[in-house]
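Nothing in this text is a laboratory measurement; each read-out follows from the coordinates by a stated rule. Keep in mind that this is a model prediction, so the values were computed, not measured. As a convention, Cβ positions derive from the backbone with ideal geometry for all residues, glycine included, and neighbour counts pool all protein chains shown.
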Ligand code: BJW
């Protein structure tokens with residue numbers, strides 16, 4: 001890799017935060033054995049058994065409060081700060097570790113765990129406490145509709161227009177720590193390829209869409225991401 005890229009899009013997934021103690025959903029070491037993501041991350045699951053959905057997200061919110069950004073988050077923040085190219089980070093993660101690590105040009109396409117959304121009046125507020133069925137919305141006063149402000153299966157991911165704009169003009173697309181099993185994120189590599197971008201996958205193991213990438217590096221994010229960022233910044237030296 002010797003090209004000096006001008007427009008870089010980074011896509012991150014649960015594997016990036018795994019070494020901060022927040023488990024991935026699928027694949028080697030996936031932590032959520034008691035909760036199948038497909039069974040708690042849907043509007044239907046929330047309608048049927050909101051307490052179970054709250055238990056799942058309350059547990060994750062409390063774990064997130066303890067977690068710190070790891071070397072991979074810090075390396076990506078360094079890339080954004082030091083690289084002369086435009087760098088946009090799109091994360092599927094609902095944790096706040098990119099921000100904590102210093103990344104600023106960031107899209108949370110699957111929402112944020114540290115926010116609560118009222119299904120009744122659609123007000124979204126910062127939220128670090130547990131949520132319960134009885135929790136009332138501070139804006140409209142209704143109870144029963146407060147939910148984590150995250151994107152469940154069947155719901156529309158956030159800021160897709162801005163993401164597809166960036167993909168259509170990127171010359172480097174890097175996918176990190178994602179299994180490539182959830183759309184539309186899993187389709188971003190094809191969009192970037194169609195735009196003529198160089199495409200790189202950094203993951204512990206081959207993702208579902210591994211064959212779509214021009215370059216692949218396997219390993220732990222805390223090792224391979226800092227090394228990749230050093231190599232990339234070296235091309236501008
Ligand atoms: C490491 C590591 C280490 C581990 N170092 N690596 C085709 C096109 C479009 C849509 C669809 C389609 N087919 C089906 C759909 C619908 C659906 C979908 O994709 N379903 C699939 C099951 C097939 N998609 C949707 O519904 C999306 N909405 C949508 O498409 O809207 C459009 C629409 C239009 C009209 C009508 C309706 C809709 C929404 C998807 C929302 C996903 N939500 C979740 C939950 C969010 C909140 C939460 O976090 O709880 O998002 S599901 C879950 O999966 C979460 C994640 O962000 C997402 C992706 O997971 P990720 O990050 O890839 O994690 P893992 O665990 O799968 O992978 C981790 C990887 O890291 C592994 O490979 C490990 O090996 C690796 N790893 N340790 C490096 N140390």
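GNM remark for the chain: springs join alpha carbons under 10 Å apart, and the peak mean-square fluctuation among 141, 23, 209 falls on 141.
Counting neighbouring beta carbons within 10 Å and listing from fewest to most, the residues 73, 108, 198, 54 come out as 198, 54, 108, 73.
The stretch 34-135 has equivalent-ellipsoid semi-axes of 30, 14, 13 Å, by the square roots of 5 times the alpha carbon gyration tensor eigenvalues, sorted largest first. Distance from the C-alpha centroid of the stretch 77-149 to that of the stretch 7-23: 16 Å, rounded to the whole angstrom.
How many percent of Cα pairs in the stretch 137-237 exceed 24 Å? Considering the stretch 137-237, 37 percent of its Cα-Cα pairs are separated by more than 24 Å. Of all DSSP bridge pairs formed entirely within the chain, close to 30 percent run antiparallel. When Rg and the Kirkwood radius Rh are both evaluated on Cα atoms of the chain, their ratio Rg/Rh stands at 0.98. Binning all Cα-Cα separations of the stretch 6-87 at 5 Å, short to long from zero, yields these whole-percent fractions: 3, 13, 18, 18, 16, 13, 10, 7, 3, 1.
If each residue of separation counts as 0.36 nm, what is the full-extension length gain between residue 216 and residue 165 once their alpha-carbon separation is subtracted?
15.9 nm
Note on residue 231 and residue 195: the model spin-label points, each 7 Å out from Cα along the C-beta direction, lie 2.2 nm apart.
Multiplying the residue separation of residue 155 and residue 128 by 0.36 nm and subtracting their alpha-carbon distance yields 7.4 nm. This ranking places 91, 42 by how few other beta-carbon atoms lie within 10 Å of each, fewest first, which gives 42, 91. Remark: relative contact order (the stretch 98-237) = 16 percent; criterion is Cα-Cα distance under 8 angstrom and separation of 6 or more residues. The long axis of helix 221-234 is offset from the longest Cα principal axis of the chain by roughly 40 degrees. Spin-label model, residue 181 to residue 4: label points 7 Å out along the Cα-to-beta-carbon direction sit 4.2 nm apart.
At a threshold of 8 angstrom on Cα-Cα distance, excluding pairs fewer than six apart, so keeping six or more, what relative contact order does the chain reach in percent? Write out the running numbers ahead of the final one.
Numbers: 458 pairs, mean separation 56.7, N = 237.
Result for the chain is 24 percent.
Computed from the Cβ-Cβ distance with R0 of 35 Å, the FRET efficiency linking residue 51 to residue 208 stands at 0.60.
What ranking of 202, 97, 48 emerges when the number of other C-beta atoms within 10 Å of each C-beta is taken as an exposure proxy, fewest first?
Least to most surrounded, the residues fall as 48, 97, 202.
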